[in-house]
Structures are given as C-alpha cells and as structure tokens.
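Structure first, then comments.
The values are calculated or read from the model by the stated rules, or taken from the named source; none is laboratory data. What you see is a predicted model, and the numbers here were worked out from it, not measured in a lab. Neighbour counts are summed over all protein chains in view; Cβ atoms, including those assigned to glycine, are modelled from backbone coordinates with ideal geometry. When the accessible area is computed, the model is the full protein with side chains, heavy atoms only, and any ligands, DNA or RNA have been set aside. Shrake-Rupley method; radii C 1.70, N 1.55, O 1.52, S 1.80 Å.
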Amino acid sequence: MSVRKPIFLISVLFSFFVIAASTFLFAQNATSEAQAAAAFSKKFYESAAREFADGQLQQAYDDINLSMNRHEFFEIPESTLALARDIYFKVLQEMRRTKNFDKFDELTLNLKLYPGLADNKIIYSMEDIRSYLEHKQLSDSVELLGDKLAAQAEKNTRMIYAILVAIVVLFVIIILAFIVIIFALRFLARKTHAQSHQLDSTLRLIAQMQRTNNKILLGNVTDISALSHVRLVGNSSWGKNALPKAELSEDEKKELKALAINCELLGTQIDEITKRKNNSKNVAELVYKLAIQLGLNQNTAMLYFCAASVYDAGFLNLPEELLQKESITDEERALLETHVDKEKFRESVAFVPEKYEHVFEDAFCFHHENANGSGYPSGLKKNEIPEVARLIHVAESFVSLCSLRSYKEIQDKESALKELEASVELYDSDILSVLAKII
C-alpha cells in the first residue's frame, strides 16, 4: 500500500507536467502565428498605402483586402480600417465615373465581412450606385421594350407595305384585265361588223350571181362588167370538149352558183395576200368574155370564169413577204414557181366538185405555159396547153400590163395589147385576135 502512493503521485505530476508543457508550446505557437499574421498584414497595409498614394487604385484595393484578411473581423487595426475606407471610397467613385460595376458585388460582400468599413461616405456612395443601377436597369428595360416596339412597328410597316403593294398589283391586274376586256369587246365588235359586212357582200354577190346565172340560163350574154356588146361567134374548134353541157338541171345550176360564190371569196383572199386589187375578178371577167367570143357555151364560159378566179390559189401556200419583193434571187424564183405544183392543187381548192376538178387543175397548174414551150412547169406547146390555161395566160398578162404594179408603169389597153402581140410566140393567136376585138 505504501508503494502504490508514490507511483500515483509520480503519475499525477508527470501528467501535470505534460499538460503544462503542451499549453506552453501551444501558446508559444499561437503567439508566433499571430505575430506572423500581424507582420504579413502590416506588409500588405504598407504596400496598399504606397499604391494608393501612387494612384494604383486596383492594386491598393487588392492589397488592403489581403491585409484585412489576416485579422479577425473585430481585431483589424484602426489605421488599416481608415486606409481601407479611403481606398473603398475611391473605388466606389471610380466605379461611378467609369460606370464599370464589375467589382460592386464583391465590394458589397466585403463591407458585410468588415462592418467597420461602412462609414457615411461609403454608405452614401453605395446607395448612389445602387440607385443608378436600378435606374439603369429600368432604362434598359424601357429601351428593350422600345426596341421590341420599334421592331414590331417595323414589322407592321413592312406588312402594311406588302399589303399596299398587293393592293396596287391587284389594281393593276384589274385595270389590265379591264383593258383586255375592252380590246376584246372592240375586236369582237369589229369582227362582228366585218362578218356582217362580209355577209352583206356575200348576199350581194349571191344576188348578182343569181341575176347573172338567170341571164346565162335564159341563153343571154352575161352582164359581167357590162358586157352588153359581146356576141357569140360562129362555129369554132374552141369549146368542142367544153364542160358543162348547155342545159343544166336545177341541182347543177345550184352547184355551179355555189361554186362561183366560193371562187369569188377565195379570189378576194388571193388578191389580199398578193396585194393585187381586184386582179382575180378582172382576170376572171376577161376570161369569160374571151370564152364567149371564142364560141364556148355560156355554162362552160361560166366554169372557166370560176377557175380563173382562183388560178393563183397556190400563192396562199407561200411566204407573204416573198410575194411583195421587187427583185428575187434564183432560189426565191424557184420557190415562187412552186405555186403551180399539182400536189398543192387539192389543198388550195378543196371545195371544187370532183367532176370539175380537171378544169380547175388545168387553170391552177398550166397558166404559166407558153405557146413556144418556154413556160413552166411542163414546157407544153400550143394546143398541148389546156384551153382554160391559155385563156388565163392571155387575160392575166393583159390585166397585169393595165394595172398599177410596183415594178412597172401602168399602160393603156392599146399599148398593153401591142406588147402582147409583140410576144405572140408566147400566146394563143386566136385568143389575141379576139382580145383585139373586145377591148
């Protein structure tokens, strides 16, 4: 029992010694750390003071924050706080001047961490900046709203402009449509008037043909172009194969009358495209006169009159500009001479009854044959040339010489006859003799 007491005492003393030593060492360490922090804080304080004096505001702000960070919140020296207030106040003024508020939130947090910094001038500066920022935020919102309104207004303006353009385009289309309708109505009116005029002309032609055929069918001389002086010659080799026969049935009379009307109308179209006014009519009338004088029966003469009205129908298949030229090349002349091609005959006069086709074909294909064989397309001579073609050849040449053409001067009938007689080798001499009697 006596041995245990000394051991216990020793243990207690040893523990007390250890605790005392530890406390001493901790205190020494704490003191050392406090001294080091104070030295470090002083170093940054001095740097901040120099930088603030030199106008290096950003560096002074950073260093004074490092200096205050080395102290507990309520143990910062008053000198450090005083310098920090000056630096913070200057930073706030610079923020307000430059309107650069990037560090404002950081500065606000620091003021909360270090309450001793917030004197009246700093608080006033903070409130001023907050007020400015709120006002700026409101202004930015208003500006943003204004931009949106301006964008919407611009969009509305573009929409209104597009609507106006659409209205103008629609109005122009309506005006154009109205103009087109007006022109269409005028065209239709003119066409109707032309058709009416054509109908009147046709009716007059029918009436004239009726009177003519009545005289023919009564055995009298036709009154075409006032031929009251024409009389039949005696027996002649002409017309021995003449068609049609002297006496016609009622159906044949109607058929010949309709044929004459169609030929008259087609002859007008030919004259229009060839720019030879009344050429078909004048040639046909002269052919009729010559046929009567040569002893052909009146119905045959009338048939020749019809064929002579459309002898140049082949021109309808040629380019119109070619027909108006004053001088032509060899190639163009070859093309022009195709108007007598047999292949084009049926296409040109499809309305001719089949029983009269050969007469119209002779007129169509051979009216440019010459008595001496120098003509075209077949180089026929004298009586090889069909009667109707020989009649048209003389009549067409005589009418041409007596008509005003762009390539020659107009001649009187006597001069025209003399010119034909000077080229007697080209024409039927019997026809020239009869022509001399009736002009």
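Run down LYS342, LYS381, LYS325 and say which single residue is without any contact (Cβ under 8 Å) to a residue 60 or more places away in the chain and closer than 30 Å to GLU252 by Cα.
None of the others qualify; the one that does is LYS342.
Quickly run through segment 69-120 and pick out the residues that are within 13 Å of TYR45 (Cβ to Cβ) and modelled with pLDDT under 85.
Within segment 69-120, ASN69, ARG70, HIS71, ILE76 meet the criteria.
Between a residue in segment 96-112 that is more than 15 Å from GLU134 (Cα to Cα) and any residue that is part of a helix (DSSP H, G or I) and charged (D, E, K, R), which pairs come within a Cβ distance under 6 Å, given they are 6 or more apart or on different chains?
none
Hey, which of the helices (runs of 4 or more DSSP H) in segment 281-391, taking only ones fully inside, have at least 2 residues that are more than 20 Å from LEU256 (Cα to Cα)?
320-323, 330-336, 357-366
Quick check on ILE160: is it modelled with pLDDT of 90 or more and open to solvent by 90 Å² or more (accessible area, probe 1.4 Å)?
Taking the combined requirement at face value, the residue satisfies it.
Please specify each residue of segment 61-114 satisfying the condition of being part of a loop (DSSP other than H, G, I, E, B) and open to solvent by 70 Å² or more (accessible area, probe 1.4 Å).
Result: ARG70, GLU72, PHE73, PHE74, GLU75, LYS99, ASN100, ASP102.
For segment 32-53, give me the residue count where each residue is at pLDDT below 75 and either over 30 Å from ARG85 (Cβ atoms) or among the aromatic types (Phe, Trp, Tyr) (or both). Talk me through it step by step, then tell me what you get.
We begin by selecting, within segment 32-53, every residue at pLDDT below 75; these are 32-38.
Restricting the remaining residues to those that are either over 30 Å from ARG85 (Cβ atoms) or among the aromatic types (Phe, Trp, Tyr) (or both) gives 32.
Here the count works out to 1.
Looking at ALA350, ALA371, ALA422, ALA363, which is the one that is open to solvent by less than 10 Å² (accessible area, probe 1.4 Å) and hydrophobic (A, V, I, L, M, F, W, C)?
Of the residues listed, the single one that is open to solvent by less than 10 Å² (accessible area, probe 1.4 Å) and hydrophobic (A, V, I, L, M, F, W, C) is ALA363.
Looking at (1) surrounded by 14 or more Cβ atoms within 10 Å (Cβ to Cβ); (2) part of a helix (DSSP H, G or I), can you tell me which one LYS148 breaks?
(1) is the only condition that LYS148 fails.
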